[in-house]
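*Asks:* I'd like to ask some things about the structure below.
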Amino acid sequence: MAKKKVSKADFKKALEQGRPPNIRRLFPNSRALIVSGKVVDRAMIAKGRAIAMAANGRNQFVIRGVLQAAQRANTPVIIEIAKSEGGAKAYCAVNYWNMAMLVDTICNELGITIPVAIHADHYGIKNARDLAAAKIEIPTFFEAGMTSIAIDASHLPDDQNLLANISINPYIPKWAGLETEVGEIKGDEGLSTVEEALFLIRGLNAHDIFPDWIALNNGTTHGIEEKDSGIQVQLTEGIHTALEKYKISGAQHGTSGNSSERLRQILAKTHTTKANVATALQMISWGVQVNDYGNAILDAEGNFNKVKEEGISEELWTEMVAYAQSKNWKKGDYKNLNLPFENKLLAQPKEIRDRIVKQVEAFAYKMMTEVFNSKDTAPLAIEAILKTGSYDLGPKVGRIENPDDWTEDKISEKASSLGGSKGPAGKFDD
């Protein structure tokens, strides 16, 4: 384990060497250590059995609270937003194009010195039209400060998922963190298999594409968890073991609805280094009561339990609930309140804004230190930058597979023998 504190000289050197070109161009005078997602992954690997929080910054309070928690815990962190949350049809004011600017500003304001990656989560590709649009859109948010991305073509058949990942890769900077996905996140149906995961990663490897993370459908769902099926640890362990020679880490989606104990099992038994936390942080910022699972606690009538004098004001919460009811929204639809109410949230008195941030910080800090075991990993991230002398840490593995075995025709042929159930059709976006 590296030293727990970073010297001023090493931090200065990390700022000079570790910030990618887009970040240096956008924020030339910044003291915020915004880095590639690769840096965060390597720090978790260096400690061993450690997971970085990837917090979906649906509002500015979440971003502030998580950054303060990471600073206290001395851990690198990932601030992310998904395509559904912050893409062209966003339901949040924080988006792919302004998130880096917000993070950089807040880091400088608060004196945040831990490494932070900016991640475009769940960039969904569901058809040829999406793929064509992605080749235009993805460069625009790297231009806006993105440093990591998750390509999610898991909605497609296995061969099309692989081919979409290959097709889009030239539009992603080589230095950026890269996540891929097999199996659409939809609970305990259409679970990912070892064969599907190997097919995707072997095919990418043959094309000199070396993702940092793979996300699976290992039993979780996005948003509010309706039932306690949760992460299937044994399934995850089996897939990660099968992929070991490709040196790919796991990205755990849908942590809300999973107990701390189950998350600790994922930590102990798998190669997971990234865990997404979204709905829980949103609910806490609003003052809605959550349990150990990070899942909202409902009252006897099935309504959210807003805790008095926590989160937003009671008056604003009443207005938000009335708005949701006027739209006939179910509890899973409340995420759509983010965009229409962002300015009203920011217009609350300072004491309310401060308590929101403190509550987010407390929850995130507990997860980082008591569940994810990432405390004091920031020096390991900085060590990785200084050892490489660059913002680009390179891949964790080289090419193993023979490209001649992974032509488009052979990809389609191999995929036809995979079989397996993809589960029910439907909309399973975050």
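*Asks:* Determine, yes or no, whether residue 125 is within 18 Å of residue 213 (Cβ to Cβ), in contact with a strand residue (DSSP E or B) (Cβ under 9 Å, 6 or more places away or on another chain) and surrounded by fewer than 21 Cβ atoms within 10 Å (Cβ to Cβ).
*Replies:* On the way: within 18 Å of residue 213 (Cβ to Cβ): yes; in contact with a strand residue (DSSP E or B) (Cβ under 9 Å, 6 or more places away or on another chain): yes; surrounded by fewer than 21 Cβ atoms within 10 Å (Cβ to Cβ): no.
No: the conditions fail for residue 125.
*Asks:* Within the stretch 250-260, track down each residue that is of a type outside the set (Gly, Ala, Ser) and at pLDDT 85 or above. Spell out how you get there, then give the answer.
*Replies:* If we filter the stretch 250-260 for residues that are of a type outside the set (Gly, Ala, Ser), which is where we start, we get 252-253, 255, 258.
Answer for the stretch 250-260, where residues must be of a type outside the set (Gly, Ala, Ser) and at pLDDT 85 or above: 252, 253.
*Asks:* Still on this structure, I have one more. Do we find a residue being more than 27 Å from residue 35 (Cα to Cα), modelled with pLDDT under 95 and either charged (D, E, K, R) or assigned to a loop (DSSP other than H, G, I, E, B) (or both) anywhere in the stretch 209-217? Steps first, please.
*Replies:* Filtering the stretch 209-217 down to residues more than 27 Å from residue 35 (Cα to Cα) leaves 217.
Narrowing the set further to residues that are modelled with pLDDT under 95 leaves 217.
Those still in the list that are either charged (D, E, K, R) or assigned to a loop (DSSP other than H, G, I, E, B) (or both) too: 217.
Within the stretch 209-217 (the criterion being more than 27 Å from residue 35 (Cα to Cα), modelled with pLDDT under 95 and either charged (D, E, K, R) or assigned to a loop (DSSP other than H, G, I, E, B) (or both)), the answer is yes, since at least one residue qualifies.
*Asks:* A further question follows. Only one of these is more than 30 Å from residue 393 (Cβ to Cβ), touching an Asp or Glu at 6+ places or on another chain (Cβ under 9 Å), at pLDDT 95 or above and not β-branched (Val, Ile, Thr): 203, 190, 287. Name it. Reasoning before the result, please.
*Replies:* Values: 203 fails: more than 30 Å from residue 393 (Cβ to Cβ); 190 fails: at pLDDT 95 or above.
Going through 203, 190, 287 in turn, the sole match is 287.
*Asks:* Hey, another quick one. May I ask you to list the residues in the stretch 95-132 that are among the acidic types (Asp, Glu) and either touching a Cys at 6+ places or on another chain (Cβ under 8 Å) or touching a residue at least 24 places away in the same chain (Cβ under 8 Å) (or both)?
*Replies:* Matches in the stretch 95-132: 104, 121.
*Asks:* Does residue 51 qualify as being closer than 22 Å to residue 153 by Cβ and among the β-branched types (Val, Ile, Thr)?
*Replies:* The answer is no for residue 51.
*Asks:* Go through the stretch 310-353 residue by residue and tally those that are loosely packed, with under 12 Cβ neighbours inside 10 Å, among the acidic types (Asp, Glu) and closer than 16 Å to residue 61 by Cβ.
*Replies:* So the count comes out to 1.
*Asks:* Tally up the residues in the stretch 288-297 that are touching a Phe, Trp or Tyr at 6+ places or on another chain (Cβ under 7 Å) and within 19 Å of residue 315 (Cβ to Cβ), please.
*Replies:* Within the stretch 288-297, the subset touching a Phe, Trp or Tyr at 6+ places or on another chain (Cβ under 7 Å) is 288, 296.
Now restrict to residues that are within 19 Å of residue 315 (Cβ to Cβ): 288.
Counting residues in the stretch 288-297 that are touching a Phe, Trp or Tyr at 6+ places or on another chain (Cβ under 7 Å) and within 19 Å of residue 315 (Cβ to Cβ) gives 1.
*Asks:* Which of the numbered conditions does residue 279 fail, given that it passes all the others? Conditions: (1) in contact with a Phe, Trp or Tyr (Cβ under 7 Å, 6 or more places away or on another chain); (2) surrounded by 24 or more Cβ atoms within 10 Å (Cβ to Cβ); (3) modelled with pLDDT under 95.
*Replies:* (1)
*Asks:* Given the conditions (1) modelled with pLDDT under 95; (2) among the charged types (D, E, K, R); (3) in a helix (DSSP H, G or I), and given that residue 228 satisfies all but one, which numbered condition is not satisfied?
*Replies:* The single condition residue 228 does not satisfy is (3).
*Asks:* Are any of the residues in the stretch 409-429 part of a loop (DSSP other than H, G, I, E, B), within 26 Å of the chain's Cα centre (by Cα), modelled with pLDDT under 95 and within 30 Å of residue 43 (Cβ to Cβ)?
*Replies:* The answer is yes, given that some residue of the stretch 409-429 is part of a loop (DSSP other than H, G, I, E, B), within 26 Å of the chain's Cα centre (by Cα), modelled with pLDDT under 95 and within 30 Å of residue 43 (Cβ to Cβ).
*Asks:* Give me the pairs: first residue in the stretch 143-169 and in contact (Cβ under 8 Å) with a residue 24 or more places away in the chain and part of a loop (DSSP other than H, G, I, E, B), second residue crowded, with 20+ Cβ neighbours inside 10 Å and of a type in the set (Asp, Glu), beta-carbon distance under 6 Å, and six or more apart or on different chains, which are they?
*Replies:* The qualifying pairs are 154/181; 154/184; 155/184.
*Asks:* When the residues of the stretch 31-52 are filtered to those that are more than 19 Å from the chain's Cα centre (by Cα) and under 13 Å from residue 115 (Cα atoms), which remaining residue is surrounded by the most Cβ atoms within 10 Å (Cβ to Cβ)?
*Replies:* Narrowing the stretch 31-52 to residues more than 19 Å from the chain's Cα centre (by Cα): 31-32, 46-48.
From what is left, the residues that are under 13 Å from residue 115 (Cα atoms) are 31-32.
Working: 31: 14, 32: 25.
The selected residue is 32.
*Asks:* Considering the stretch 291-307 alone, what residues qualify as being in contact (Cβ under 8 Å) with a residue 12 or more places away in the chain and either touching a Cys at 6+ places or on another chain (Cβ under 6 Å) or of a type outside the set (S, T, N, Q) (or both)?
*Replies:* 292, 293, 294, 296, 298, 302, 304, 306, 307
Residues checked against (1) aliphatic (A, V, I, L, M); (2) at pLDDT below 95; (3) within 22 Å of residue 216 (Cα to Cα):
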residue	(1), (2), (3)
59	no, no, no
80	no, no, yes
84	no, yes, yes
88	yes, yes, no
107	no, no, no
128	yes, no, no
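*Asks:* Now a separate question. Kindly list the number of the only condition in (1) out of contact with any Lys or Arg (no Cβ under 8 Å at 6 or more places or on another chain); (2) under 30 Å from residue 204 (Cβ atoms) that fails for residue 349.
*Replies:* Tallying (1) out of contact with any Lys or Arg (no Cβ under 8 Å at 6 or more places or on another chain); (2) under 30 Å from residue 204 (Cβ atoms), residue 349 fails exactly one: (2).
*Asks:* Which residues, counting only those in the stretch 333-351, are among the hydrophobic types (A, V, I, L, M, F, W, C) and either modelled with pLDDT under 95 or in contact with an Asp or Glu (Cβ under 9 Å, 6 or more places away or on another chain) (or both)? Walk me through how you get there before you give the answer.
*Replies:* Let us first name the residues in the stretch 333-351 that are among the hydrophobic types (A, V, I, L, M, F, W, C), namely 337, 339, 341, 345-347.
Residue satisfying the conditions is 341 alone.
*Asks:* So residue 44 passes all but one of these: (1) out of contact with any Gly (no Cβ under 8 Å at 6 or more places or on another chain); (2) of a type in the set (A, V, I, L, M); (3) over 19 Å from residue 395 (Cα atoms); (4) touching a residue at least 60 places away in the same chain (Cβ under 8 Å). Which condition number does it fail?
*Replies:* Among (1) out of contact with any Gly (no Cβ under 8 Å at 6 or more places or on another chain); (2) of a type in the set (A, V, I, L, M); (3) over 19 Å from residue 395 (Cα atoms); (4) touching a residue at least 60 places away in the same chain (Cβ under 8 Å), residue 44 violates only (3).
*Asks:* Pick out the one residue from 135, 89 that is surrounded by fewer than 23 Cβ atoms within 10 Å (Cβ to Cβ), more than 30 Å from residue 334 (Cβ to Cβ) and of a type in the set (Lys, Arg). Reasoning before the result, please.
*Replies:* Values: 89 fails: more than 30 Å from residue 334 (Cβ to Cβ).
Result: 135 is the single residue among 135, 89 that is surrounded by fewer than 23 Cβ atoms within 10 Å (Cβ to Cβ), more than 30 Å from residue 334 (Cβ to Cβ) and of a type in the set (Lys, Arg).
The values are calculated or read from the model by the stated rules, or taken from the named source; none is laboratory data. Here the structure is a predicted model, which is why all the values come from computation and not from measurement. Because the Cβ atoms are built from the backbone with ideal geometry, glycine has one as well, and the counts that use them run over all protein chains shown.
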